[in-house]
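Encoded as structure tokens, the structure appears first; notes follow it.
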Amino acid sequence: MRFAISIPQDLDDHKFDPDGFRAFMRRAEELDFDSAWTQEQVLGNAARSSPLEAMTFAAACTERIRLGCSVFVTPLHSPVHLAKSLSTLDQLSRGRVEVGVGSGGQGRMFSAFNVDPEGLITRFVEGLNLMKACWTQPSIDFDGRFWQLQDAAMEPKPFQKPHPPIWFGARHPNALRRAVAHGDGFFGAGSTTTEKFAEQVGIVREALAESDRDTAGFRIAKRVYVGMDDDADRARERSAAALGRLYGLGDLLPVAVTGPPEECVRGIRDVVDAGAELVLLTPLFDDAEQMERFAAEVIPEVR
């Protein structure tokens with residue numbers, strides 16, 4: 001059973017504290033978290049830093065902890081540029097990068113990125129295959145619907161061979177099966193309830209049983225939003241406000257684990273029982289204080 005922590009990404013104008021960020025990342029490493037993860041949110045009212053830049057800063061502050069994004073909405077990116085950036089960061093961090101990918105679904109403002117949502121899944125899978133080609137092939141010949149390369153090359157290759165682990169963010173059964181076909185793991189969304197996550201894990205395990213791959217190498221994780229406070233009502237209020245700022249939607253409190261430590265232990269244990277082998281703890285407020293309490297009061301009771 002492994003635990004990860006979210007990398008702080010709040011970036012209000014003129015309020016970023018680089019010393020505080022460094023201290024948070026170094027303390028996460030001292031507390032022996034397995035990994036630290038970002039999220040991608042390009043458009044929205046929440047002031048959130050870009051995931052790749054936050055990961056790069058985090059890599060410079062640490063030595064051992066693994067660093068990931070759950071997830072890059074890859075159809076919004078040039079796969080060649082994204083492959084180059086991730087390969088570079090994997091070299092700079094000496095092989096500590098984890099890559100989460102997702103198609104983004106039909107509700108996004110694709111026109112802002114000059115992306116036609118028609119053929120979205122084809123674009124998503126093709127882009128991922130092109131990234132893998134850039135990471136593994138000395139000479140790249142690629143003839144796709146959206147991208148074509150002839151006798152091209154990309155160096156440096158990633159530090160990890162053949163490439164960093166690829167996690168899929170997915171909800172629909174077809175997307176969950178794509179995770180098994182093309183990825184190294186499934187990462188349940190923070191905006192998904194534990195009950196829904198358990199259903200998704202069942203589909204993933206069915207797909208793994210039907211596949212001819214080594215199932216031991218496929219991992220299952222979930223992001224869990226957590227608001228810990230000895231005052232249960234205050235925990236709910238602060239958590240609801242934070243989720244509202246992040247998603248700009250209605251009541252998302254049912255997806256979060258909130259309340260005193262014993263309530264948080266129960267909620268996170270339910271996630272583990274649902275099939276999570278890695279739990280990404282995402283504080284909804286007071287990141288540094290919450291991380292200390294997770295390490296002291298929750299993780300020892302769940303392991």
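Positive end of the dipole of the chain (Cβ unit charges, origin at the Cα centre): among Val226, Ala288, Leu76, the Cα lying farthest that way belongs to Leu76. For the range 168-303, a simple Cβ point-charge model (Lys and Arg +1, Asp and Glu -1, everything else neutral) yields a dipole of about 600 debye relative to the Cα centre. Taking every protein chain into account, the accessible area of the chain amounts to 47 square angstrom per residue (probe 1.4 Å). Under the combined filter of DSSP loop state and at most 10 neighbouring Cβ atoms within 10 Å, the range 5-56 retains these trypsin sites (Lys or Arg not before Pro): Lys15.
For the range 2-164, the dipole from Cβ point charges (+1 on Lys and Arg, -1 on Asp and Glu) about the Cα centre works out to 300 debye, to the nearest 20. D by Stokes-Einstein for the chain, Kirkwood Rh over Cα pairs, 37 °C, 0.692 mPa s: 165 µm²/s.
For the range 201-265, the list of trypsin sites (Lys or Arg not before Pro) that fall in a loop by DSSP and count at most 14 other C-beta atoms within 10 angstrom reads Arg213.
Loop-resident chymotrypsin sites (Phe, Trp or Tyr not before Pro) (DSSP state other than H, G, I, E or B) in the range 13-107 with no more than 14 further Cβ atoms inside 10 Å of their Cβ: Phe16.
Could you tell me which of rounded, prolate or oblate describes the range 2-164, using a ≥ b ≥ c as the square roots of the eigenvalues of the alpha-carbon gyration tensor, with rounded for a/c under 1.5 and, failing that, prolate when a/b is larger than b/c and oblate otherwise? Note, shape of the range 2-164 comes out oblate.
Quick check for you: which residues of the range 168-186 have the amide N under 11 Å from the point 7 Å beyond the Cα of Ile121 toward its beta carbon? Counting only backbone N, you get 172-179. Determine the dipole magnitude for the chain: charges of +1 sit on the beta-carbon of Lys and Arg, -1 on that of Asp and Glu, nothing else is charged, the reference point is the Cα centre, and the result goes in debye to the nearest 20. With only Lys, Arg, Asp and Glu charged at Cβ, the dipole is about 700 debye.
Other residues with beta-carbon under 13 Å from the beta-carbon of Arg108 carry, at +1 per Lys or Arg and -1 per Asp or Glu, a net charge of -1. Each of the GluC sites (Glu not before Pro) that DSSP puts in a loop and that has at most 16 other Cβ atoms within 10 Å breaks the chain; the longest unbroken stretch is 119-276. Calculate how many DSSP beta bridges within the range 1-126 are antiparallel, expressed in % of all such bridges and rounded to the nearest 5. The antiparallel proportion sits near 10 percent.
The values are calculated or read from the model by the stated rules, or taken from the named source; none is laboratory data. These figures come from a predicted structure and were not determined experimentally. Heads up, the Cβs are rebuilt from the backbone with ideal geometry, glycines too, and the neighbour counts pull from every protein chain shown. Side chains are part of the model used for accessible areas, which takes the heavy atoms of the whole protein and leaves out ligands, DNA and RNA. Shrake-Rupley method; radii C 1.70, N 1.55, O 1.52, S 1.80 Å.
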